[in-house]
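Read through the structure below, which is laid out as structure tokens, and then see the notes.
The values are calculated or read from the model by the stated rules, or taken from the named source; none is laboratory data. Since we're looking at a predicted model, the values are computed, not measured. Here Cβ is always computed from backbone atoms with ideal geometry, including for glycine, and neighbour counts include all displayed protein chains. Ligands, DNA and RNA are stripped out before the accessible areas are found, and what is left, the full protein with its side chains, is counted by its heavy atoms. Shrake-Rupley method; radii C 1.70, N 1.55, O 1.52, S 1.80 Å.
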Amino acid sequence: MTKQFYQQSAEEVLRHFGTDPTKGLKEEKVSSRQYRDGFNEFAKKKHTTMWQKFISQFKSFMIIVLLVAAAISGITGYINGEGIADALIILVILIANAIIGVFQESKAEKSLDALEKLSAPHCKVIRNGEHKIIETRELVVGDIVEIETGDSVPADIRLIEAVNLKIQEAALTGESLPVEKKIDAIQGEVPIGDRVNMAFSSCSVTYGRGKGVVVATGTNTEVGKIASMIQSVPDMRTPMQVRLDKLGQTLAIICLAVCALIFIVGLCYGRDLMEMFMTAVSLAVAAIPEGLPAVSTIVLALGVQRLAKQNAIVRNMPSVETLGSTTVICSDKTGTLTQNKMTVVEAYPSVSKELLTIGALCNDVLRGDGGELYGEPTQTAIVAFADANHCGQVHCNEIYPRVSEIPFDSDRKLMTTIHRATENTVFVATMGAFDELLVRCNRIEDENEVRILTENDKNNFADANRKMAENALRVLCMAYKEITFDGELTDEVVRKITEEAESELVFVGMVGMIDPPREEAKIAVEQCKKAGIKPVMITGDHKITASAIAKSLGIMSDGDKVLTGADVEKMSDDELREVASYVSVFARVAPEHKVRIVKAYQELGNVVAMTGDGVNDAPALKLADIGVAMGITGTDVAKEAADMVLADDNFATIVHSVREGRIIYDNLIKSIQKMISTNLGEIVLLLVAVLCNFDMPLLPIQLLFINFVCDSLPSLALSVDNAANDIMRRKPIDPNQGIFTKRFTTRISIQALIIGGVTFAAYLIGSQHSIEVARTMTFAVMIFSQFTIIFSIRSGSAWFTDRFFTNKLLWATIALVTIMTLIVMLVPAMQSLFKLTAMTNSQWWICIGLSFGALALSEFFKLFERNK
């Protein structure tokens with residue numbers, strides 16, 4: 001069996017690729033390998049074309065029903081010489097709806113393209129014996145690559161040289177701490193996280209430097225394999241997509257049944273066959289809310305735009321609404337719930353000058369032009385702590401220039417730096433783990449005096465170390481000593497000082513640090529719980545650390561369980577599903593466990609939002625109902641798999657998005673209720689008239705005006721209504737709950753009967769004069785009763801509340817449609833076009849009274865419903 005590259009010695013790997021470690025590849029080899037293997041980039045999911053996006057907007061059942069209705073309306077209108085205006089208007093609305101959808105999806109893609117930061121765009125290589133900087137995509141297998149602190153690893157590399165090299169592999173393995181790298185061959189099969197002689201594409205160098213030979217590029221890297229794997233995970237349909245499809249099917253059945261009934265009844269009354277067919281088609285057009293697709297698309301698009309302003313970029317619009325149904329949010333700890341910035345929060349026994357000086361000197365932290373700190377997270381935390389306490393790193397290094405050092409390694413767990421203090425003394429600064437450092441100390445600094453270290457002192461420090469560890473703090477201890485020398489500080493003198501540096505030290509104290517929780521995350525977690533959403537922390541950190549952070553954020557309560565990755569490994573899928581509801585923290589979890597965790601919650605009937613930033617997170621992000629990728633720390637593989645990208649990597653942004661999703665759902669339901677109740681009101685009116693063998697109360701052109709002007713515009717304004725005060729105090733929306741719930745069906749039925757009833761009353765009153773007056777009064781009441789009943793639909797309680805005047809767009813729309821209606825009803829030329837007639841003052845007052853009567857009746861039934 002062929003050995004893996006990590007199992008081979010560096011010499012074997014170099015021979016395999018025909019590479020010289022000092023000269024690299026020759027250009028001819030580079031060209032041939034690039035031709036054979038392609039560029040060092042993995043295939044990304046291609047953006048769909050504008051045409052594909054446009055066509056995809058016409059796939060829902062509701063749209064298909066409307067297209068069929070438009071076709072029938074156009075054909076019958078053409079046959080009867082009445083024109084195809086109805087059909088054209090329906091098509092115009094559907095095309096406008098599709099254009100809005102295409103525009104929004106394209107806008108989201110452009111936003112994501114701007115966020116993508118896969119890896120360093122350039123890298124350092126050796127070719128033809130020369131050191132070069134080239135584009136990362138031009139690397140080929142066999143290239144010799146050099147990496148150092150701050151670099152992003154450009155491909156999968158077998159290391160042949162490593163000097164204090166540490167690489168952060170969290171994006172690939174989920175391990176939060178940087179991995180110390182070595183070059184020796186590894187015996188046997190080991191997982192990716194234990195291949196310490198390899199550097200993997202997209203991981204970051206946090207410390208030291210190294211050199212290696214490229215063994216895999218593009219889709220052959222570990223990153224590329226996962227990128228290819230997520231393409232097999234199917235896209236999930238959102239709850240609203242399912243609901244709207246069911247709604248379309250339900251409306252189609254209702255339309256067919258009612259049209260068939262009216263057609264048969266009309267024939268029984270001896271009416272003309274074509275006349276009844278046209279009436280049935282008109283009713284079908286009236287029954288289907290033509291504006292609903294446009295309204296739902298626009299409200300989702302506006303929601304996407306509002307979220308973008310709050311740092312949440314949504315990749316496809318329906319995902320916004322899915323957030324409103326979220327019942328579980330599985331969130332990474334680092335950077336999402338916490339600040340992703342190690343911070344010193346405790347010092348023992350005190351913050352002394354010596355402790356700060358050691359912290360400022362004993363590190364390899366680099367500073368950017370703006371004062372930014374770059375380096376190992378614990379070291380940057382200590383330097384920041386020293387800076388904040390007026391013991392700046394720059395100033396200390398000027399006073400105590402470094403002359404030597406003993407780098408940190410995992411065996412000693414110590415780091416020591418040696419600095420020139422005076423003409424004949426050096427200052428030794430040592431920092432490291434408690435157990436390793438304390439045994440090298442024989443003295444202690446106590447209130448600015450140095451004395452012998454006693455057993456009692458050791459016990460006190462051990463207790464302090466234990467308490468910090470119990471509070472999930474990472475502990476580093478500090479010690480120092482001064483060494484006097486004679487003569488010049490030659491290399492030989494420095495060598496001798498270095499050999500004895502880490503003995504007979506003065507123990508100064510210790511600091512405890514942690515990646516602190518985001519303050520806004522605490523508030524967001526509290527909002528989640530009030531909203532009936534279960535927040536779950538998933539982290540690669542240790543159980544104690546994870547539990548402490550979870551408790552401080554309010555995620556973990558008394559009685560909640562913590563599972564480790566090892567626990568998850570031992571459980572079957574059934575066992576994991578049984579305990580998932582009681583687990584608030586998953587610690588030491590590898591990314592591959594996330595898929596099982598998502599499935600466990602989904603099988604319990606939950607709508608799951610899952611966050612992630614690493615390559616290995618991508619399958620879980622794709623599987624989740626809402627995959628949420630990090631915009632700052634996230635790899636582009638994670639972003640491609642996600643439904644939403646957080647530009648600020650903040651948990652609170654997810655909760656803002658959930659709130660937006662609930663608002664969108666509320667407003668869509670209001671719009672649907674308004675459209676269906678008024679359209680069904682028209683059916684009630686026409687059905688009663690046909691059953692009673694009366695003349696048609698409304699003509700097709702009048703129905704057209706009502707449906708496309710008076711129905712769609714106010715419904716659109718209603719769809720951007722303000723949030724209800726209790727929006728985040730309700731339980732999540734049941735994803736399995738259709739639109740036609742018992743309560744919803746009852747309300748639209750009552751409101752349809754009310755609208756049909758008051759308009760039929762107007763028809764009967766007007767019929768005492770003439771059919772023209774009857775139709776005019778019916779036309780007026782049908783429109784104005786829709787306006788009044790909107791205010792009943794807006795509120796679940798009383799219609800006149802503190803929110804009555806908050807929707808300015810709704811008031812503006814009502815004013816606009818009222819003006820348009822009055823023009824149609826009062827201008828003689830428009831009266832003639834729409835076959836209306838002038839009304840007397842008393843008839844106007846009757847119409848106004850009947851319209852407000854619809855509101856009163858609706859509110860009465862709402863009061864009855866609440867009391868019941």
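Residues that are among the polar types (S, T, N, Q), under 44 Å from the mean Cα position of the chain (by Cα) and outside any loop (DSSP other than H, G, I, E, B): does region 420-436 have at least one?
Looking only at region 420-436, we keep the residues that are among the polar types (S, T, N, Q), and these are 422, 424-425, 430.
Of the ones still in play, those that are also under 44 Å from the mean Cα position of the chain (by Cα) are 430.
Then drop every residue that is not outside any loop (DSSP other than H, G, I, E, B), which leaves 430.
Within region 420-436, one or more residues are among the polar types (S, T, N, Q), under 44 Å from the mean Cα position of the chain (by Cα) and outside any loop (DSSP other than H, G, I, E, B).
Select from region 359-377 the residues that are closer than 25 Å to VAL179 by Cβ and modelled with pLDDT of 90 or more and write down the one among them that is farthest from the chain's Cα centre (by Cα).
This residue is CYS362.
State yes or no: is GLY224 open to solvent by less than 10 Å² (accessible area, probe 1.4 Å), touching a residue at least 24 places away in the same chain (Cβ under 8 Å), assigned to a helix (DSSP H, G or I) and not aromatic (Phe, Trp, Tyr)?
On the way: open to solvent by less than 10 Å² (accessible area, probe 1.4 Å): yes; touching a residue at least 24 places away in the same chain (Cβ under 8 Å): yes; assigned to a helix (DSSP H, G or I): yes; not aromatic (Phe, Trp, Tyr): yes.
So GLY224 fits the description; yes.
Give just the number: which of (1) of a type in the set (S, T, N, Q); (2) within 29 Å of HIS542 (Cβ to Cβ); (3) crowded, with 21+ Cβ neighbours inside 10 Å does GLN187 not satisfy?
(3) is the only condition that GLN187 fails.
Kindly establish whether LEU356 is touching an Asp or Glu at 6+ places or on another chain (Cβ under 6 Å), among the aliphatic types (A, V, I, L, M) and modelled with pLDDT of 90 or more. Before you say what the answer is, go through the steps one by one.
On the way: touching an Asp or Glu at 6+ places or on another chain (Cβ under 6 Å): no; among the aliphatic types (A, V, I, L, M): yes; modelled with pLDDT of 90 or more: yes.
Against the criterion (touching an Asp or Glu at 6+ places or on another chain (Cβ under 6 Å), among the aliphatic types (A, V, I, L, M) and modelled with pLDDT of 90 or more), LEU356 does not qualify.
Would you check if ILE727 is of a type outside the set (D, E, K, R), over 23 Å from GLN702 (Cβ atoms), touching a Ser or Thr at 6+ places or on another chain (Cβ under 6 Å) and assigned to a loop (DSSP other than H, G, I, E, B)?
Numbers: of a type outside the set (D, E, K, R): yes; over 23 Å from GLN702 (Cβ atoms): yes; touching a Ser or Thr at 6+ places or on another chain (Cβ under 6 Å): no; assigned to a loop (DSSP other than H, G, I, E, B): yes.
It is false that ILE727 is of a type outside the set (D, E, K, R), over 23 Å from GLN702 (Cβ atoms), touching a Ser or Thr at 6+ places or on another chain (Cβ under 6 Å) and assigned to a loop (DSSP other than H, G, I, E, B).
Spot the failing condition for ARG794; the list is (1) over 30 Å from ILE533 (Cβ atoms); (2) crowded, with 20+ Cβ neighbours inside 10 Å; (3) touching a Leu at 6+ places or on another chain (Cβ under 8 Å); (4) modelled with pLDDT under 80, and only one is missed.
Here ARG794 meets the rest and fails (1).
Out of all the residues in region 23-37, is one or more touching a strand residue (DSSP E or B) at 6+ places or on another chain (Cβ under 7 Å), open to solvent by 80 Å² or more (accessible area, probe 1.4 Å) and at pLDDT 75 or above?
yes
Cβ-Cβ below 6 Å, separation at least six or inter-chain, first residue in region 478-495 and within 21 Å of LEU361 (Cα to Cα), second part of a strand (DSSP E or B) and open to solvent by 30 Å² or more (accessible area, probe 1.4 Å): which pairs?
From residues that are within 21 Å of LEU361 (Cα to Cα), the pairs are VAL494/VAL403.
Would you mind stating whether GLN52 is surrounded by 15 or more Cβ atoms within 10 Å (Cβ to Cβ) and either out of contact with any Gly (no Cβ under 8 Å at 6 or more places or on another chain) or at pLDDT below 70 (or both)? Full working, then the answer.
Details: surrounded by 15 or more Cβ atoms within 10 Å (Cβ to Cβ): no; either out of contact with any Gly (no Cβ under 8 Å at 6 or more places or on another chain) or at pLDDT below 70 (or both): yes.
No: the conditions fail for GLN52.
Within region 443-461, take every residue that is in a helix (DSSP H, G or I) and of a type in the set (Asp, Glu) and give me the one that is least open to solvent (accessible area, probe 1.4 Å). Explain how you work it out, then say what you get.
The first filter runs over region 443-461 and keeps only residues in a helix (DSSP H, G or I), leaving 455-461.
With the extra rule that they be of a type in the set (Asp, Glu), the set shrinks to 455, 457.
Values: GLU455: 118, ASP457: 15 Å².
The qualifying residue least open to solvent (accessible area, probe 1.4 Å) is ASP457.
Which of (1) in contact with a Pro (Cβ under 7 Å, 6 or more places away or on another chain); (2) open to solvent by 10 Å² or more (accessible area, probe 1.4 Å); (3) not hydroxyl-bearing (Ser, Thr, Tyr) does ILE663 not meet, given it meets every other one?
The failed condition is (1).
Being hydroxyl-bearing (Ser, Thr, Tyr) and over 23 Å from LYS622 (Cβ atoms) is the filter here; which residues of region 204-228 pass it?
The first filter runs over region 204-228 and keeps only residues hydroxyl-bearing (Ser, Thr, Tyr), leaving 204, 206-207, 217, 219, 221, 228.
Within region 204-228, SER204, THR206, TYR207, THR217 meet the criteria.
Considering only region 132-142, state which residues are in contact with a Lys or Arg (Cβ under 7 Å, 6 or more places away or on another chain) and open to solvent by less than 10 Å² (accessible area, probe 1.4 Å).
Here is the first cut: in region 132-142, the ones in contact with a Lys or Arg (Cβ under 7 Å, 6 or more places away or on another chain) are 133, 140-142.
If the condition is that a residue be in contact with a Lys or Arg (Cβ under 7 Å, 6 or more places away or on another chain) and open to solvent by less than 10 Å² (accessible area, probe 1.4 Å), then VAL140, GLY142 are the ones that fit.
Of everything in region 391-404, what is in contact (Cβ under 8 Å) with a residue 24 or more places away in the chain and either over 10 Å from ALA360 (Cα atoms) or in contact with a strand residue (DSSP E or B) (Cβ under 6 Å, 6 or more places away or on another chain) (or both)? Give them in sequence order.
Residues satisfying the conditions are TYR400, ARG402, VAL403, SER404.
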